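The values are calculated or read from the model by the stated rules, or taken from the named source; none is laboratory data. Since this is a predicted model, take the numbers as computed values, not measurements. Every residue, glycine as well, gets a Cβ built from its backbone with ideal geometry; the counts of neighbours run over all protein chains shown. Side chains included, ligands, DNA and RNA excluded: accessible areas come from the protein's heavy atoms. Shrake-Rupley method; radii C 1.70, N 1.55, O 1.52, S 1.80 Å.
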Amino acid sequence: MTVLRVKDISILFGGLKAVSNFNMTLEEGELLGLIGPNGAGKTTVFNMITGVYHPTSGEIEFADKNGKFQNTTHMKPFQITQMGMARTFQNIRLFKDLTVLDNIRIAYHSNVKYKTFDAVFRTPAFFKEEAEITKKAIELLEIFNLGHKQAELAKNLPYGEQRKLEIARALATQPKLLLLDEPAAGMNPQETQDLTQLIRFIREKFNLTILLIEHDVSLVMGICERIIVLDYGQTIAEGTPAQISQDPRVIKAYLGEEVGLHA
Amino acid sequence: MKKNIANGLTLAAIAVVFTGIMTALVFFGVIDEYTAQILSLAGINVIVALSLNLISGFTGQLALGHAGFMAVGAYTTAYCIMKLNLPMFLAILIGGLVTAVFGLVIGFPTLRLRGDYLAIVTLGFGEIIRVIMINLEQITGGAAGLKGIPSFTEDILLAPALSLLWVFSVMIITIILVSNLIKSSYGRAILSVREDEIAANAMGINVFYYKMYAFTISAFIAGVGGGLYAPFFGYLNPTMFNFLKSVDFLVIVVLGGMGSITGTVIAGFVLTYLQEFLRFLQDYRLVIYPLLLIFIMLFRPSGLMGNREISILGLWQRLFKSKNQSQSKVDKAGER
Amino acid sequence: MGFLHEFLQQMVNGISLGSIYALLALGYTMVYGIVKLINFAHGDILMLGAFGGFFVLAAYGVTPLTFILALLVGMLVCATVGIVIEKTCYKPLRSAPRINALITAIGVSIFIENGARVVKAIGPNPKQFPTFKTVNFPIGDINISQIQIIVFVVSILLMFLLTYIVNYTKLGKAMRAVSFDRQAAYLMGINVDWIISFTFALGSALAAAAGILFASAYPQVEPYMGIIPGLKAFVAAVLGGIGSIPGAMVGGFIMGIAETLTKGFISSQLADAIAFGILILILVVKPSGILGKNVSEKV
């Protein structure tokens, strides 16, 4: 079953076409990689899918929780998130001055059923649901091995754990599609290895479809079933890792970069 | 669940006993009338400063027109008491609600936008509302103002104690309700807006809605604070609500710590008392306040308390219950 | 008085007043463009400039030469004050949360106002500003005073000067670069701190000139005189598109004309409220202003 359809989207930034006629479909359970040199427009594609930017032309459709397709081209990010899409950011955006636990609990907010009245007058409904949220949040943190750090401020976590917390926070919104923007950025090979395991694990555990932007080609080649290569805002190749690594256009686009494609 | 109810009852009992004792101290003259006046005034200042902290400290949106909101609440309340003969409680409540409507109207065009427009729009609102008060002579008495607003009681001997009882009751209710709100999912949504709007949005938080939410509640509380002003002073005029009044609240919030309810309460009482005590400084006080703002921002932006809170319940349990049940005295922001 | 006559007369008044707002709005827009801060103290710089002019004119009498001297002194003093404020109060907060810088700006604004109150030479009471004796030049049945002409001519000259600096000098190029992308400008070897200081100096000098012109047209000076023109000039900057220099000029003139027309045709008490109404209206209809660009934050 298809989860996301991106049809011919383009966006102009002050006359410059950052992405042109980009197409993509995502099938349920798929793990798709989006790669390309710096400035190729990968994050811009992400931002259009998640509603941060709106494409100048083209359409995006996302299947809601009942599997019915909705046009999300002009929706706001929070609406799209509430439909079941979550993301992380290239340059980590945690709620720095809040605790690890609260970072997660915030992500549960759009599913909270008790009302302001319950919160302010502390009704039984409030206590019941708060306890549930906290329990779920801690369970999620345990999965990421962050349970013991729940009371720390997010800004005090080491870099690698901040990345993990951001993924955990995205999962707390209960998405069926997860978008990861360079999750391995700034990690050493060992950490990248662990991250690969983690992504595989959460994909199984939470039944996720994943779209991954990555610079680290070894990570993408090792984990993705299908890859789209962007350059200068255009798709230059699409296929399995094996096909991609032999595509002459891809090799050309990466020429001059130190990254090799032999994963 | 039982523990939650017990905690709630304990807190309510502490609040009632505290307010009762304070009122009795005034009634029996242990606290003199002048001090009682200052305490009541401080109570009102705390209420309005809390409302400012909600939007500026917790939601991260600077508002500079809370004196204007107070004015709306005060005049509405006075009108309800004098012209409509409504009971005090209802009059103050309506004052708050009318102010909340003003908040909605101002917030709607402003809070949609990123950036600092709220600061300048609320500043403008605070100035314009005074022009309107001066021109709406039939309702507000114009520049001369309104006189002869009935006090909380007609009995002159009871007045100081009853004023204090009213103000402290409203203040304590406000403190409890605001801190309950902050320590809930709705409070966390508000905090996430302050921390990072883009990330909050990506987490499914409707950023504009929660700014409006916080701003409207803030306006309501400021209106209630203004509503208390009317019977407390017995007269109102537009100069009572000038820009410097808004700044007074900002100084309380900044000094206490943006994002700390405890800080606002402490700073509210300390600064109100100092203001009376430092009257001999006259105009120099007007220079000290802005310097205080600048120095705190430059050298200690977290103010006295940062975003920490002192939990009354925690203190109580520490004092009177066995050690293993006690909570820590100072709740770190996140452990709420 | 006929409608057309009243209309033209108010247009003349509005253009003169508007040129003052335009000068002041330029400072807001330049500072916002370069450090993304609403400099609340900008209106108070106008007041300081007016007092600078006041002392010169009170000491040496009012002649064309002393008037020019007053302008130069006021602008120089305020440029210095602008730099000092920037270096001491705003620079340390560049990486702090926005709200902290805003609160500091409010603090600086009130400090200047109330500081002026307690300084003996200024004091809380309004003072008569020494100005030229009004000479009217009737054109048809419309009156144009020589003060209005001076205000307009001086403003236009200063705006040309500014446009020249920004568009055709190396400094101006650096200013534009810093406002476009501070990080990149820094990497290109531009002394960013210096450029920001220079921007504050330039904006403050224009505010000082605006103050002296304002006081010449409405000959009274007092510590709080900058607040309302400051607010209106801010609205002008938003109306024109904050960050845009031509926008601030256009916005300034529109604000001036809107105000005098309101005074002439509706009510003089509403003249202040109209600025606020305009602000709300732009924020609803076109928050990026007339000449501003829609900029979305980089994610």
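Output the residues belonging to segment B:187-206 that are part of a helix (DSSP H, G or I), facing chain A (nearest Cβ under 7 Å) and either crowded, with 20+ Cβ neighbours inside 10 Å or among the aromatic types (Phe, Trp, Tyr) (or both). Before the answer, list the steps.
Keep residues of segment B:187-206 that are part of a helix (DSSP H, G or I), which gives B:187-195, B:197-202.
If we keep only those that are facing chain A (nearest Cβ under 7 Å) as well, we get B:188-189, B:191-192, B:195, B:198-199, B:201-202.
Residues satisfying the conditions are B:188, B:189, B:191, B:192, B:195, B:199, B:201, B:202.
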Completion exercise
Only unsatisfied item for residue A:145, checking (1) touching a residue at least 24 places away in the same chain (Cβ under 8 Å); (2) more than 10 Å from chain B (Cβ to nearest Cβ); (3) surrounded by fewer than 19 Cβ atoms within 10 Å (Cβ to Cβ), is (1)
Practice task
Exactly one condition in (1) within 21 Å of the chain's Cα centre (by Cα); (2) open to solvent by 10 Å² or more (accessible area, probe 1.4 Å) is not met by residue A:211; state its number.
Solution key: (2)
Practice task
Consider residue B:292 carefully, then state whether it is open to solvent by less than 20 Å² (accessible area, probe 1.4 Å) and within 22 Å of residue C:105 (Cβ to Cβ).
Solution key: no
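Report the residue count in segment A:103-117 for those that are within 8 Å of chain B (Cβ to nearest Cβ) and open to solvent by 10 Å² or more (accessible area, probe 1.4 Å).
Taking segment A:103-117 as the starting set, the residues that turn out to be within 8 Å of chain B (Cβ to nearest Cβ) are A:105-110, A:112, A:114, A:116.
Narrowing further to those that are open to solvent by 10 Å² or more (accessible area, probe 1.4 Å): A:105, A:108-110, A:112, A:116.
The number of residues fulfilling the criteria is 6.
Residue under question is residue A:204, and the condition is that it be assigned to a helix (DSSP H, G or I) and either under 14 Å from the mean Cα position of the chain (by Cα) or under 23 Å from residue A:109 (Cβ atoms) (or both); does it hold?
Here the answer is no, as residue A:204 does not meet what is asked.
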Handout entry: Index of the failed condition, residue B:211 passing every other in (1) modelled with pLDDT under 95; (2) within 14 Å of chain A (Cβ to nearest Cβ)
Key = (1)
Exercise for the section: Could you tell me whether segment B:159-179 includes any residue that is touching a helix residue (DSSP H, G or I) at 6+ places or on another chain (Cβ under 8 Å) and outside any helix (DSSP H, G or I)? Expected result: no
Exercise for the section: Restricting attention to segment A:21-42, report how many residues are modelled with pLDDT of 90 or more and of a type outside the set (A, V, I, L, M). Expected result: 9
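Any idea which of B:291, B:271 is under 17 Å from the mean Cα position of the chain (by Cα) and not basic (Lys, Arg)?
Working: B:291 fails: under 17 Å from the mean Cα position of the chain (by Cα).
Testing whether each residue is under 17 Å from the mean Cα position of the chain (by Cα) and not basic (Lys, Arg) leaves just B:271.
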Practice task
Among the residues of segment B:213-247, write down those that are over 24 Å from residue B:85 (Cβ atoms) and open to solvent by less than 20 Å² (accessible area, probe 1.4 Å).
Solution key: B:214, B:215, B:218, B:219, B:221, B:222, B:238, B:241, B:246, B:247
Fill in the blank from the handout: Residues in segment C:249-276 that are within 20 Å of the chain's Cα centre (by Cα) and open to solvent by 40 Å² or more (accessible area, probe 1.4 Å) total 5
Handout entry: Of all residues making up segment C:97-128, the number that are open to solvent by 40 Å² or more (accessible area, probe 1.4 Å), not in a strand (DSSP E or B) and not aliphatic (A, V, I, L, M)
Key = 8
Practice task
Looking for whichever is farther than 15 Å from residue C:13 by Cα and surrounded by 15 or more Cβ atoms within 10 Å (Cβ to Cβ) here; the options are C:169, C:131. Which one fits?
Solution key: C:131
Handout entry: Filtered residue count, segment B:83-103, keeping only those that are touching a Gly at 6+ places or on another chain (Cβ under 8 Å) and farther than 12 Å from residue B:220 by Cα
Key = 1
Handout entry: Residues within segment B:171-186 that are open to solvent by less than 10 Å² (accessible area, probe 1.4 Å), among the polar types (S, T, N, Q) and either at positive phi or in contact (Cβ under 8 Å) with a residue 24 or more places away in the chain (or both), tallied
Key = 0
Fill in the blank from the handout: Within segment B:91-122, the residues that are facing chain C (nearest Cβ under 7 Å), part of a helix (DSSP H, G or I) and buried (at least 19 other Cβ atoms within 10 Å of the Cβ) are B:110, B:117, B:119, B:120, B:121
Exercise for the section: State which residue pairs qualify: first residue within 7 Å of chain C (Cβ to nearest Cβ) and inside segment B:285-313, second residue hydroxyl-bearing (Ser, Thr, Tyr) in any location, beta carbons under 8 Å apart, and separation of 6 or more residues or different chains. Expected result: B:290/C:109; B:293/C:104; B:294/C:104; B:297/C:104; B:298/C:104
Exercise for the section: Give segment B:272-286 a look and list any residue that's open to solvent by 10 Å² or more (accessible area, probe 1.4 Å) and either at pLDDT 90 or above or within 30 Å of residue B:10 (Cα to Cα) (or both), or say none. Expected result: B:273
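Just one of B:35, B:76 is part of a helix (DSSP H, G or I), over 19 Å from the mean Cα position of the chain (by Cα) and hydroxyl-bearing (Ser, Thr, Tyr); which is it? Working first, answer last.
On the way: B:76 fails: over 19 Å from the mean Cα position of the chain (by Cα).
Going through B:35, B:76 in turn, the sole match is B:35.
The rows are residues; the columns are (1) small (Gly, Ala, Ser); (2) surrounded by fewer than 16 Cβ atoms within 10 Å (Cβ to Cβ).
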residue: C:45; (1), (2): no, no
residue: C:70; (1), (2): yes, no
residue: C:74; (1), (2): yes, no
residue: C:91; (1), (2): no, yes
Exercise for the section: Return the total of residues in segment A:50-91 being touching a Pro at 6+ places or on another chain (Cβ under 6 Å) and either aromatic (Phe, Trp, Tyr) or open to solvent by less than 30 Å² (accessible area, probe 1.4 Å) (or both). Expected result: 5
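Is it the case that some residue within segment A:164-175 is within 24 Å of residue A:99 (Cβ to Cβ), outside any helix (DSSP H, G or I), under 12 Å from the mean Cα position of the chain (by Cα) and not hydroxyl-bearing (Ser, Thr, Tyr)? Break it down stepwise before answering.
Applying the first criterion (within 24 Å of residue A:99 (Cβ to Cβ)) to segment A:164-175 yields A:164-175.
With the extra rule that they be outside any helix (DSSP H, G or I), the set shrinks to A:173-175.
Filter again for under 12 Å from the mean Cα position of the chain (by Cα), leaving A:173, A:175.
Pick out the ones that are also not hydroxyl-bearing (Ser, Thr, Tyr) and you get A:175.
Within segment A:164-175, one or more residues are within 24 Å of residue A:99 (Cβ to Cβ), outside any helix (DSSP H, G or I), under 12 Å from the mean Cα position of the chain (by Cα) and not hydroxyl-bearing (Ser, Thr, Tyr).
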Handout entry: Index of the failed condition, residue B:54 passing every other in (1) within 14 Å of chain A (Cβ to nearest Cβ); (2) over 30 Å from residue B:129 (Cα atoms)
Key = (2)
Completion exercise
Checked A:135, A:128, A:155 against criteria (open to solvent by 90 Å² or more (accessible area, probe 1.4 Å), at the interface with chain B (Cβ under 9 Å from one of its Cβ atoms), at negative phi and in a helix (DSSP H, G or I)); the one match is A:128
Practice task
Could you grab the pairs with beta carbons closer than 7 Å, sequence gap of 6+ or different chains, first residue in segment C:93-118 and within 7 Å of chain B (Cβ to nearest Cβ), second one part of a helix (DSSP H, G or I) and polar (S, T, N, Q)?
Solution key: C:93/C:100; C:93/C:104; C:99/B:56
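What about residue A:161, is it under 27 Å from residue A:120 (Cβ atoms), surrounded by fewer than 20 Cβ atoms within 10 Å (Cβ to Cβ) and among the acidic types (Asp, Glu)? Reasoning before the result, please.
Details: under 27 Å from residue A:120 (Cβ atoms): no; surrounded by fewer than 20 Cβ atoms within 10 Å (Cβ to Cβ): yes; among the acidic types (Asp, Glu): yes.
Criteria not met by residue A:161.
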